[in-house]
Structures are given as C-alpha cells and as structure tokens.
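> Below are the structure tokens for one structure; questions will follow.
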Amino acid sequence: MSPPFSAALLRWFDKHGRHDLPWQHPRTPYRVWLAEIMLQQTQVQTVIPYYQRFLERFPGLSDLASATMDEVLSQWAGLGYYSRARNLHRCAQLCMEKHEGSLPNDQALLEALPGIGRSTAAAIRAQAYGERAAILDGNVKRVLSRFHGIDRWPGLTEVNAQLWTLAEEHTPHERIVDYTQAIMDLGASVCRRRQPSCEACPLTDGCQARQLGRQAEWPARAPRKTRPERHALLLWARDSRGRSLLQRRPPTGIWGGLWSLPELSLAAADAPTEVDLSIWYHELGIQALESKALPNFHHDFSHFRLHIHPLQVLVKEGGSLAEDTSGWFSPEELEAIGLPRPIARLLRTGS
Ligand code: SF4
C-alpha cells in the first residue's frame, strides 16, 4: 500500500512542505524531542517563539536537567498543559542518569520516559535518527480516517489499532525524515479539521472522504459528554507594599507546580459566608482590612469548566509563611515565576 500514498505525499512535500522550521536545522534528538512535546497540543505558529526562547535558556539536555522546576515552568507559562513541562524536566534528568545525557534511539526505552508515548517516540526515532517508524498524531489520524473512510471514533481501541496498522503500512523505507514531516504538514495545512483543501491534496484520487463528500464527518466524533462545571473563589490578598500572596499548587493536577492565588472551592455559584472567610483568613495568616469582589470569569480545562470568583483583599503586613509552598511576591518578582495564564492576566489587569 505504501508506494503510491507515500510517493504522492513526498512529491507534494518537495514543493509545498515546511522545510525551514527551527527544529529542522540542526535536527538533533534534543531539539526534535522538545518540538514534539511542544507540538502535542499546540500549533506550529504558536510553538515557534516559545521553542526559540526555551532553547536560548536551555540549549542542551543537561541545561534543562539542572534547571529548577520554577525556571522550566516560567519558560513554559502560556503554552498550557503544564504536565508537559514537568515531564520534560523529569525526562531530561532521567536521560542524564540512565542514558548518558542523550535521548535513547529505542522505541521501548523512549516510551518508558515521562511524557513520551508511542507516536512521539516514533517521531523522535524517525526525525532525529532516520529510523523507519510510523507516527500517529492527531493530524495523521485525521488524514488516514478520511483517506480510508473510517466510520468510527479513533478513540476506540480497535479503531486506534486499525489506524496504527495503516500508518505502518504507509510508512516508506526511504526518506523517512521527509515523509514524517510531510504527513504532519498535510494534516496541518491541507487536510485541516475544518474545510480541507482537497483540490490541493496529493491524496485526492484515492481518498474515500473526498469521493463520498464526507470530509466533515470523518474522523468520527467522540460520544458527546457534558462538561462539568466547578466554582472557586480566588483570593487576591495584597499588603501595603503592593505584594500579592501566592501559593504553590501541588505537583499533580490542574496547574500542577505553578504558583497561584489561594483557592476556596465553592459548592456552586454561592458566595461564601463571613464565617467561611474568617476561618480561611486565619489559616492563611492574614487580617483583612477591606475587600472587593472583582468580575467573575471562567477558564476551560479539558475535562471541566472552572468559574472563578476573584476577591481582592487589602491586608495588614503579611506574616511569615512556609516559603516553599507560599509567599508574598512583588510585581517584579511575579515576572520571574510560573503562573497560570488566567492568574497572570488577573494580577496584571484585575480581570
Ligand atoms: S482529499 Fe481532502 S479529505 Fe482526502 S486526504 Fe486530501 S485533504 Fe483530506
């Protein structure tokens, strides 16, 4: 099955593919891995400036491994899905400890590292080491689902297995680096999720979706679930020196390891009582002088929507705190730490 599919794709890539992405020059394992992790949930144009800044700060695996988690998270802040940054850091440390300071060229060893799944491991092997290894990221799933007219949702185990088989059959024995980039590029720029440009596609002749006019239906959607909603009060306590009280979030879970405002879960959109707040203030070691509710806003996580009710409180001089998990930060100090994007915006603009 491979030659017509891959040959058509490679011919198209020579003319229309992306040949000047920063991770292509030079294409070292470290640079390819970093790009693959950043690209997992983020588009190329968004990734490029983050990628370049990250590489300036951490030019090699050993620089990343020896950095603090705060330094890594502050470079990552804004890209979202922060578990990727935590895994990147841990992965760099494991490569220093177990793999002589490099990413291994072995599927099983790569998949054993944090944050690297089957497709990412294959992309590293193909792009950094020139090995014949099939990838199956979201773009490739879309192209293959449409080309082969696969009617069921790719998240189902058997459909996923079928897509892997097809991905392997299409992967050529030569020009693996270019083919891997080509199929990613085709999914990103031609076989887009909405309004694919079938007239410009090199696969148009054999494509089931094109022949049947079913591009909008494939890949099939996941069964619909309603997104749960949660509410939380975020306390923006400021002292007379203009410093804000922040707490470091636990290492796992949403915004894991980042600094954020103290948070009180609410049962619903109801305001907390005076008693709730005074107990909480006592636990935080603050004495409120005056308070003001700021406009509510929401933030969508992949599995729920968080309604945020910010409360700004002017406090007497903040007391001493357990410094590894909480602290008072001046506006200048806020610039140097990893903050979730909605929290950084709230602290900057008040909304
Ligand atoms: S012909 Fe259209 S639907 Fe089929 S692979 Fe190409 S862009 Fe996608």
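The values are calculated or read from the model by the stated rules, or taken from the named source; none is laboratory data. Just so we're clear, the structure is a prediction, and the values are computed from it rather than from any experiment. We place every Cβ from the backbone using ideal geometry, glycine too, and count neighbours over all the protein chains shown.
> Can you tell me which condition L166 does not meet? The list is (1) of a type in the set (A, V, I, L, M); (2) within 16 Å of the ligand (Cβ to nearest atom); (3) not in a helix (DSSP H, G or I), and all the others hold.
(3) is the only condition that L166 fails.
> Which of the residues belonging to the range 292-324 are closer than 18 Å to P251 by Cα and either at pLDDT 85 or above or more than 28 Å from the chain's Cα centre (by Cα) (or both)?
F301, A322, E323
> Of everything in the range 238-286, what is part of a loop (DSSP other than H, G, I, E, B) and either among the basic types (K, R) or not assigned by TED's automatic domain parsing to the domain that holds E317 (or both)? Give them in sequence order.
Result: R241, R243, R249.
> What are the residue pairs meeting all of these: first residue in the range 181-192, first residue small (G, A, S), second residue at pLDDT below 95 and assigned to a helix (DSSP H, G or I), Cβ atoms under 7 Å, and 6 or more apart or on different chains?
G187/N139; A188/V44; A188/N139
> Residue by residue through the range 129-163, note down the ones that are among the basic types (K, R) and over 16 Å from E217 (Cα atoms).
R132
> Determine if the range 228-237 includes at least one residue that is in a helix (DSSP H, G or I) and either within 12 Å of the ligand (Cβ to nearest atom) or over 23 Å from the mean Cα position of the chain (by Cα) (or both).
Within the range 228-237, none of the residues are in a helix (DSSP H, G or I) and either within 12 Å of the ligand (Cβ to nearest atom) or over 23 Å from the mean Cα position of the chain (by Cα) (or both).
> Return the residues of the range 120-138 that are surrounded by 20 or more Cβ atoms within 10 Å (Cβ to Cβ) and without any contact (Cβ under 8 Å) to a residue 60 or more places away in the chain; say none if nothing qualifies.
Scanning the range 120-138 gives A121, A122, R125, A126, A133, A134, I135, L136.
> Condition first: away from the ligand (no atom under 16 Å from the Cβ) and either in contact with a helix residue (DSSP H, G or I) (Cβ under 9 Å, 6 or more places away or on another chain) or not assigned by TED's automatic domain parsing to the domain that holds P196 (or both). Now tell me which residues in the range 136-155 satisfy that.
R152, W153
> Please tell me if A222 is touching a residue at least 24 places away in the same chain (Cβ under 8 Å), assigned to a loop (DSSP other than H, G, I, E, B) and away from the ligand (no atom under 16 Å from the Cβ).
Considered against the rule, which asks whether it is touching a residue at least 24 places away in the same chain (Cβ under 8 Å), assigned to a loop (DSSP other than H, G, I, E, B) and away from the ligand (no atom under 16 Å from the Cβ), A222 comes out as yes.
> Mind checking which helices (runs of 4 or more DSSP H) fall wholly inside the range 1-108 and carry at least 2 residues that are basic (K, R)?
On the way: elements: 2-16, 29-39, 44-57, 61-66, 69-76, 83-98.
It comes to 2-16, 44-57, 83-98.
> Looking only at residues that are touching a helix residue (DSSP H, G or I) at 6+ places or on another chain (Cβ under 6 Å) and of a type in the set (S, T, Y) in the range 1-36, which one is nearest to L79 (Cα to Cα)?
Among those residues, the one meeting the criterion is Y30.
> Still on this structure, please answer the following. Can you tell me which residue is farthest from the chain's Cα centre (by Cα) among those in the range 196-217 that are assigned to a loop (DSSP other than H, G, I, E, B) and more than 8 Å from the ligand (Cβ to nearest atom)?
Filtering first and then ranking leaves G213.
> For the range 169-194, what are the residues that are outside any helix (DSSP H, G or I) and within 12 Å of the ligand (Cβ to nearest atom)?
So in the range 169-194, the residues outside any helix (DSSP H, G or I) come out as 171-175, 190-194.
If the condition is that a residue be outside any helix (DSSP H, G or I) and within 12 Å of the ligand (Cβ to nearest atom), then V190, C191, R192, R193, R194 are the ones that fit.
> With the requirement that a residue be surrounded by fewer than 20 Cβ atoms within 10 Å (Cβ to Cβ) and closer than 25 Å to N160 by Cβ, what does the range 82-103 give you?
S83, R84, N87
> On the basis of being of a type in the set (K, R), surrounded by 18 or more Cβ atoms within 10 Å (Cβ to Cβ) and over 20 Å from C191 (Cβ atoms), does R53 make the cut?
Spelling it out, it is not the case that R53 is of a type in the set (K, R), surrounded by 18 or more Cβ atoms within 10 Å (Cβ to Cβ) and over 20 Å from C191 (Cβ atoms).
> Restricting attention to the range 335-351, which residues are over 22 Å from R84 (Cα atoms) and at pLDDT 90 or above?
Scanning the range 335-351 gives L346, L347.
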